[in-house]
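Worksheet for the structure shown next.
The values are calculated or read from the model by the stated rules, or taken from the named source; none is laboratory data. The shown structure was predicted, so the numbers you read here are calculated from the model rather than taken from an experiment. Here the Cβ positions follow ideal geometry from the backbone for every residue, glycine too, while neighbour counts run over all protein chains shown.
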Amino acid sequence: MLGMNKAFKIAGTAVIALFVATAIRCLAADSAVLRNGFSIRHERRQVIGTITRLFLDGDDASFVDIPTIEIDHFETAPAEPAAQLKTAQLKMQTSAKLVEHPLDLDEVVRAASGTYRLDPDLVNSVIRAESGFNVRAVSPKGAQGLMQLMPQTASQLGVQNAFDPQANVEGGTRYLRELLERYNFDLIKALAAYNAGPRRVEQYGGVPPYYETKAYVARIVRDFNQKKLAAKAAAQPAPQKNAANKSAAAHASSTKVHKSNPQTEAKVAPSPASEPN
């Protein structure tokens, strides 16, 4: 399942030294470009032992610690609108949380699925289709996080930070449950509404005639069915002896009877239960 049992993280564990080095102040907003390609915009930075503290605002209250070895380089950050800056800060805060507390996404999915009485395999299939398990995914239309919640939808669901994997999955799972109830547990309509919105599903009386939505629904259903088939195959008992082995066993049994009862040899025949299937 794309290594979901492995913790999501942006850097390895670092030993934090107890001494503080000289602070390095940025003349303007910079971006710390990490080795994994992720960048963090900050106002100033300070090296503390083996970590670099990136201050997000002008004060000292908002910062994130990154192992210095994970920083590839620094570059001047372009000016950003306030909304984009807030989104970038949310991404950074989520990444910092994942560094400190590696996340078991399987457990998050199981917990949310249990709360809203959904199959975890279905929730995982939706996550795969929505974001490919990318915690920091952002769509061109602005949908965010693992289950690609639009800001308005996230707000209605009480999700304050859509880049928080636990909050995102819980909110997305709740939304999917609400859609299933709305359409009398018609999974196809619920998935179409998750992708295109309930208004479009009701407008067309089902899956809207959009290629993107049709492909989206088909992709999730196919992935979900594959999971179920794989689980069913794994649960199958060990195969019994094949027909040849059964025939050999029946033959050996008949031979033994013949030797002990020679007077009935011509009448002995394998019982129906001993014949090959």
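Observations on the structure shown:
- Hey, Tyr211 aromatic (Phe, Trp, Tyr) and closer than 21 Å to Ala112 by Cβ or not: no
- Segment 177-203: number of residues that are under 19 Å from Ser113 (Cα atoms) and exposed (fewer than 12 other Cβ atoms within 10 Å of the Cβ): 3
Listed here are the residues, each with its yes/no results for (1) under 16 Å from the mean Cα position of the chain (by Cα); (2) not hydrophobic (A, V, I, L, M, F, W, C).
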{"site": "Val159", "(1), (2)": "no, no"}
{"site": "Pro165", "(1), (2)": "yes, yes"}
{"site": "Leu179", "(1), (2)": "no, no"}
{"site": "Ala190", "(1), (2)": "no, no"}
{"site": "Gln203", "(1), (2)": "no, yes"}
{"site": "Glu212", "(1), (2)": "no, yes"}
{"site": "Phe224", "(1), (2)": "yes, no"}
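- Those helices (runs of 4 or more DSSP H) of segment 98-214 in which 3 or more residues are within 22 Å of Ala231 (Cβ to Cβ) occupy 105-115, 120-131, 165-182, 187-196.
- Residue satisfying condition, being at pLDDT 90 or above, small (Gly, Ala, Ser) and surrounded by fewer than 12 Cβ atoms within 10 Å (Cβ to Cβ), within set Gly158, Gly206: Gly158
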